[in-house]
Amino acid sequence: MRVVLAGGGTAGHIEPALALADALRQLDPNIGITCLGTERGLETRLVPARGYELQLVPAVPLPRALTPQLLTVPGRLAGAINTAASIMERVQADVLVGFGGYVATPAYLGARRRGVPIVVHEANPRPGLANRLGARLTDHVFTGHPNTPLPKAQYVGIPLRREIVGLDRLSMGDKARSWFGLEADLPTLLVTGGSQGARSLNGAALG
C-alpha cells in the first residue's frame, strides 16, 4: 500500500500527519509513505528528520486583499495541482490523507483528478479553507474536536506521537520541575495554543 500525506506550514498540520505515518509504519513496515509539503513550511525540516520522503508542491497562498496578485492565483494553483497529481501518479498512491495547510488544496484537487481516494483530518475547531474544500470531495472526514463544522465529519481526536502517548508523567514530574526551575510544592499550569488561537490564549492566561 502507498499512502500520500498532505499537511504543511505549521506543526499543527505536520505533527498529526507524522503521527499517522508512524502508526502506519508500525502496523506495516513495508508501507510506502510520501509526504507532500511546500518549501516555505516547517515540513522541510520536520519530515526528513523523522525519516520520511518529502515531495515539494508550489505554495499558493491566497492574498488577503484585492491586489493584482489575486489574478495570478488560478495559474499558480493549476501548476500546483499538476505537480501534486504527478507525484501521486509516480508513487502510485492508493490513498491521500490531508491535514490542511497550503499544500492540501492542490493535493485534494490532484487526487480528485487522478481518482485517488481522499481522507481529510481537521485538527482545529474551526476548519481551514483547504479542509473545507477537501471535505466536499470525500465521505471520509475526521476531526480532532467533536463540534467541528464539516459535512460527514466523524470525531476521532488528534493523532499523537508515541513519545507523548507513552510519557510517564509521574516519573518525569520531578525531573521536569528541576529542569525548568519550578517550585516542587506549587501546582504548575501549562497553557498551550497554536495557529490563530495562540495570542488569545496567551492573553487570557496572563489576564
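Details
- For segment 179-207, filtered to residues that are modelled with pLDDT of 90 or more and not in a loop (DSSP other than H, G, I, E, B), the residue that is least open to solvent (accessible area, probe 1.4 Å) is F180.
- Of all the criteria given as (1) of a type in the set (A, V, I, L, M, F, W, C); (2) in contact with a Ser or Thr (Cβ under 6 Å, 6 or more places away or on another chain); (3) under 20 Å from A17 (Cα atoms), the one not satisfied by V141 is (2).
- Test: residue in segment 49-63 that is touching a Leu at 6+ places or on another chain (Cβ under 6 Å), of a type in the set (A, V, I, L, M) and within 15 Å of G110 (Cβ to Cβ): yes
- N124 being more than 20 Å from the chain's Cα centre (by Cα) and polar (S, T, N, Q): no
- Some residue of segment 156-170 being among the acidic types (D, E), surrounded by fewer than 19 Cβ atoms within 10 Å (Cβ to Cβ), modelled with pLDDT under 95 and closer than 25 Å to E53 by Cα: yes
- Scanning segment 127-154 for residues that are over 17 Å from the mean Cα position of the chain (by Cα) and in a helix (DSSP H, G or I), we see that the one that is surrounded by the fewest Cβ atoms within 10 Å (Cβ to Cβ) is R136.
- Failed item, numbered, when Y102 is tested on (1) more than 30 Å from R2 (Cβ to Cβ); (2) at pLDDT below 90; (3) aromatic (F, W, Y): (1)
- Among the candidates A176, A135, A184, the residue that is under 21 Å from L5 (Cβ atoms) and small (G, A, S) is uniquely A135.
- Answer from I81, I33 - the residue that is modelled with pLDDT of 95 or more and touching a Phe, Trp or Tyr at 6+ places or on another chain (Cβ under 7 Å): I33
- Pairs linking a residue in segment 39-56 that is modelled with pLDDT under 95 to a residue that is open to solvent by 70 Å² or more (accessible area, probe 1.4 Å), with Cβ atoms under 6 Å and 6 or more positions apart or on different chains, are E39/L56.
- Of all residue pairs spaced 6 or more apart or on separate chains, none has beta-carbon atoms under 6 Å together with a first member in segment 122-137 that is touching a residue at least 60 places away in the same chain (Cβ under 8 Å) and a second member that is aliphatic (A, V, I, L, M) and not in a loop (DSSP other than H, G, I, E, B).
The values are calculated or read from the model by the stated rules, or taken from the named source; none is laboratory data. Just so it is clear, the model here is predicted, and its values are computed rather than measured. Methodologically, a virtual Cβ is constructed for each residue, glycine included, from the backbone with ideal geometry; neighbour enumeration extends over all protein chains shown. Remember, those area values only see protein heavy atoms, side chains included, never the ligands or the DNA or RNA. Shrake-Rupley method; radii C 1.70, N 1.55, O 1.52, S 1.80 Å.
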